[in-house]
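The values are calculated or read from the model by the stated rules, or taken from the named source; none is laboratory data. Please read all numbers here as calculations on a predicted model, not as lab measurements. For neighbour counting, all protein chains shown are included, and Cβ atoms are generated from backbone atoms with ideal geometry for every residue, glycine included. SASA here: full protein model, heavy atoms, side chains in, ligands and nucleic acids out. Shrake-Rupley method; radii C 1.70, N 1.55, O 1.52, S 1.80 Å.
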Amino acid sequence: MILRSILFISFHFLGIISFSMTFGIESLGVQLPQAVLDVDLLATLHKVDPEKFRIGLGCRQMALCGEKETVVDLAVGAAQKALKTWKGDPKKIGFLAVGTETSLDEARPLSAWVAQTLGLSGNIRSYEVKHACYGGMLAVRQALEWKLSGAGHPEQVALVVAADVCMYPFLHAAEPTQGAGAVALIIGDPLLCSLDQKSYCYSEPLFDFWRPTGQFYPIVQGKLSIDAYCRALYQCAKNFTEEKGLEDFLALDHLCFHVPFPKMVFRAVSLLVHRLKLTEQQTEKILKDAAQAVFWNQDIGNAYTASLWISFAYALGHGTQGQRLGIFSFGSGCGAEFMTAKIHHTGNTPWVRDIQEQLKNRQSLSIKEYEALRKNLP
Ligand code: CAA
């Protein structure tokens with residue numbers, strides 16, 4: 001670390017700033033809410049075939065906040081978990097960004113609540129990032145680019161949190177896709193994985209999913225949003241393959257996606273393999289990779305900004321050193337980005353056990369309890 005600082009300062013002093021540095025993730029923490037509802041129970045309430053939710057949408061369970069639980073509890077919980085396994089000095093945090101679409105205030109950033117609870121203040125750039133479900137990826141990219149730019153002290157690290165609570169109106173078609181959760185990442189040295197500098201973006205102004213100021217529930221143009229997701233994935237993958245080649249895309253060991261509902265991933269990937277004109281064998285590989293990383297999402301539901309990073313946490317936790325990950329973020333409105341990472345850890349993945357424990361220890365709600373919980377909502 002000291003050598004890195006000396007090298008960094010010397011290279012800046014000499015004006016040689018093309019010196020390539022590799023940054024990545026030092027620690028990861030995931031916080032799930034206390035309660036859970038099986039989608040079969042919701043299907044009974046909706047009077048629909050449970051297979052529609054399980055097979056049609058690919059969902060198994062929805063993570064739900066308890067009566068007094070908020071997005072702040074999730075964001076802080078995830079950050080505390082990341083800090084606990086990191087064992088570094090919190091004074092080294094020089095950057096704190098929270099990606100969310102569950103803002104509590106039009107002015108005060110969610111990062112201020114996180115900083116307040118964690119006791120973080122001083123020489124820290126702290127703010128909130130909003131672009132629907134894309135906000136988490138943007139925060140990660142900004143943290144990485146902050147490290148690469150040398151704007152902070154070389155020994156400083158970034159704390160990024162993606163946190164959201166996703167709720168839809170009672171009996172809305174999207175109700176079975178509800179969920180909640182937060183993922184925190186400490187970005188600095190590539191201890192768990194390195195993050196590649198280059199990324200591939202797509203954006204297009206669209207009203208597919210939005211939540212006007214003061215309104216509790218989003219306005220959803222479901223089909224439009226699905227088409228936008230598919231289009232964005234294709235455009236990002238096209239940008240990547242045009243630069244790096246199709247072989248490089250096919251060589252990725254894990255694929256992690258934003259997961260509004262698991263079937264969305266298969267729909268978009270099926271369209272992608274068709275448009276990329278992949279062979280049967282290549283298609284099989286891509287579909288298998290995409291299926292693996294949504295495992296936890298099926299029991300959590302849509303956690304908006306956090307959904308991608310839950311999928312990422314699964315892939316990173318189940319991958320081995322040297323393997324490469326493809327990471328695709330989509331946010332309505334719409335914006336998308338694809339980036340790659342390489343696994344550096346040698347099997348030290350404390351978050352895997354922790355998430356399994358959290359999934360096991362949640363309070364399973366009955367339909368009556370779910371209805372009671374909803375009574376507090378608009
Ligand atoms: N058994 C098995 N499958 C069944 C079935 C049954 N008995 N009955 C229906 N299905 C299948 C349907 O065939 C359909 O599958 P295909 O898409 O493969 O054809 C699937 O179940 C869904 O059924 P519907 O097409 O009738 O759609 P729906 O009314 O259930 O609504 C939705 C689905 C539009 C996605 C709705 O949940 C929604 O609006 N969700 C919110 C928007 C969203 O998630 N968009 C995703 C992209 S935007 C994004 O990513 C941002 C974000 O996080 C929100």
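For a quick check, take a GNM of the chain with Cα springs below 10 Å and name the residue from Asp164, Asp38, Asp105 with the largest mean-square fluctuation.
Its mean-square fluctuation being the largest, the pick is Asp105.
Would you tell me the accessible area of Glu369, worked out with a 1.4 angstrom probe on the heavy atoms of the protein chains, in Å² to the nearest 10?
Looks like 80 Å² after rounding.
Starting with the highest mean, order 356-365, 313-322 by the number of other Cβ atoms within 10 Å, averaged over the residues of each peptide. If you can, show how the numbers build up before the last one.
On the way: 356-365: 13.7, 313-322: 18.5.
Taking the mean over residues of other Cβ atoms within 10 Å, the ranking is 313-322, 356-365.
Nearest 500 deg cm²/dmol is fine: what mean residue ellipticity at 222 nm does the chain get from its DSSP H runs of n ≥ 4 alone, each adding -39,500 (n - 2.57), divided by its residue count?
Details: 12 runs with 148 residues, N = 378.
Helices in the chain give a 222 nm mean residue ellipticity of -12000 deg cm²/dmol.
Keeping all protein chains in place, calculate the accessible area per residue for the chain (probe 1.4 angstrom), answer in Å².
The answer is 44 Å² per residue.
Given 0.36 nm per residue, what is the gain on full extension from Ala372 to Asp89 after removing their alpha carbon distance, in nm?
In short, 97.6 nm is gained.
Give me the number: length gained by fully extending Thr213 to Leu104, i.e. 0.36 nm times residue separation minus the C-alpha to C-alpha distance, one decimal in nm.
Going from the current span to full extension adds 38.1 nm.
Note the angle between two axes, namely the Cα long axis of helix 305-318 and the longest principal axis of the Cα atoms of the chain, as a number of degrees from 0 to 90, rounded to the nearest 10.
The answer is roughly 70 degrees.
Give me the net charge of Arg324's neighbourhood, meaning all other residues with Cβ under 15 Å from the Cβ of Arg324; Lys, Arg count +1, Asp, Glu -1.
Summing Lys and Arg as +1 and Asp and Glu as -1 gives -1.
If each residue of separation counts as 0.36 nm, what is the full-extension length gain between Gln282 and Asn123 once their alpha-carbon separation is subtracted?
52.4 nm
Volume per residue, Å³, of the convex hull around the alpha-carbon atoms of the chain?
About 137 Å³ per residue, rounded to a whole number.
Work through the residues other than Gly58 whose Cβ is under 13 Å from its Cβ and net out their charges, Lys, Arg +1 and Asp, Glu -1.
+3
Could you work out how far helix 222-244 tilts from the main Cα principal axis of the chain, as a 0 to 90 degree angle to the nearest 10?
30
Hey, can you grab everything whose amide H is under 5 Å from the amide H of Ala35? Only 5+ residues off in sequence or another chain; H modelled, so Pro and N-termini drop out.
Amide H neighbours of Ala35: Leu64, Gly66, Gln363.
Loop only per DSSP, at most 16 neighbouring Cβ atoms within 10 Å: give me the trypsin sites (Lys or Arg not before Pro) in region 247-327, ordered by residue number.
Values: sites: Lys263, Arg267, Arg275, Lys277, Lys285, Lys288, Arg324; in loops: Lys277.
Passing sites in region 247-327 are Lys277.
Roughly how tilted is helix 2-13, in degrees to the nearest 10 and between 0 and 90, from the longest Cα axis of the chain?
Value to nearest ten degrees: 70.
Mean separation of Cα pairs under 8 Å and 6+ residues apart, divided by the residue count of the chain: what relative contact order is that in percent?
Relative contact order here is 24 percent.
Please report, in cubic angstrom per residue, the volume enclosed by the convex hull of the alpha-carbon atoms of region 87-186.
Dividing the Cα hull volume of region 87-186 by its residues yields 111 Å³.
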